[in-house]
Amino acid sequence: MGKKVIPRTLSSSFASQGSGSENLTYLTITGTNVSGFIYDVTQSGVNYTHSGKKIYLHSTADIFNLSEIKIYLNGTMLKKGVNVVLASPSTFTLNETVDNGDEIIIIS
């Protein structure tokens, strides 16, 4: 994906599109992670930092794919089951390589 990094000020516009009760979680990339890398939505990890709410994604891929959870990479919403895949209730993988400065936003 491109280097179009979303400023955090846009995050409030994401939240305002819904009921206002959404949780925002940010994963800011600090290195290069190849396609298939596993991200944890509850803590920082290798080549990324976590900020915002600690959330859980759901217990099964079926619920994850049908849920209201939305995942954005640099402002582009990712398609669940194609670009982003549930690995566990708190982890997912991207079928994209991401680089330093990229930002993933999870809205739940």
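The values are calculated or read from the model by the stated rules, or taken from the named source; none is laboratory data. All of these numbers come straight from a predicted model, not from anything done at the bench. Don't worry about glycine lacking a Cβ; one is built from the backbone with ideal geometry, like all the others, and counts go over all protein chains shown.
If you scan segment 85-108, which residues turn out to be of a type in the set (D, E, K, R), within 15 Å of Val46 (Cβ to Cβ) and surrounded by 20 or more Cβ atoms within 10 Å (Cβ to Cβ)? Please lay out each step first, then the result.
At the first step, the residues of segment 85-108 found to be of a type in the set (D, E, K, R) are 96, 99, 102-103.
Of the ones still in play, those that are also within 15 Å of Val46 (Cβ to Cβ) are 99, 102.
The one that is of a type in the set (D, E, K, R), within 15 Å of Val46 (Cβ to Cβ) and surrounded by 20 or more Cβ atoms within 10 Å (Cβ to Cβ): Asp102.
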Failed item, numbered, when Ser67 is tested on (1) touching a His at 6+ places or on another chain (Cβ under 6 Å); (2) modelled with pLDDT of 95 or more; (3) not acidic (Asp, Glu): (2)
For Val82: the one exception among (1) of a type in the set (A, V, I, L, M); (2) out of contact with any strand residue (DSSP E or B) (no Cβ under 9 Å at 6 or more places or on another chain); (3) surrounded by 16 or more Cβ atoms within 10 Å (Cβ to Cβ): (3)
Somewhere in segment 45-68, is a residue closer than 17 Å to Asn83 by Cα, under 12 Å from the mean Cα position of the chain (by Cα) and among the β-branched types (Val, Ile, Thr)? no
Scanning segment 30-46 for residues that are touching a residue at least 40 places away in the same chain (Cβ under 8 Å) and either surrounded by fewer than 13 Cβ atoms within 10 Å (Cβ to Cβ) or within 16 Å of Thr93 (Cβ to Cβ) (or both) gives Gly31, Thr32, Asn33, Val34, Ser35, Gly36, Phe37, Ile38, Tyr39, Asp40, Val41, Thr42
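Looking only at residues in segment 40-64 that are in contact with a His (Cβ under 9 Å, 6 or more places away or on another chain) and not in a helix (DSSP H, G or I), which one is nearest to Ser108 (Cα to Cα)? First the steps, then the outcome.
The first filter runs over segment 40-64 and keeps only residues in contact with a His (Cβ under 9 Å, 6 or more places away or on another chain), leaving 40-44, 64.
Then keep just the ones that are not in a helix (DSSP H, G or I); that gives 40-44.
Values: Asp40: 15, Val41: 11, Thr42: 13, Gln43: 16, Ser44: 18 Å.
That would be Val41.
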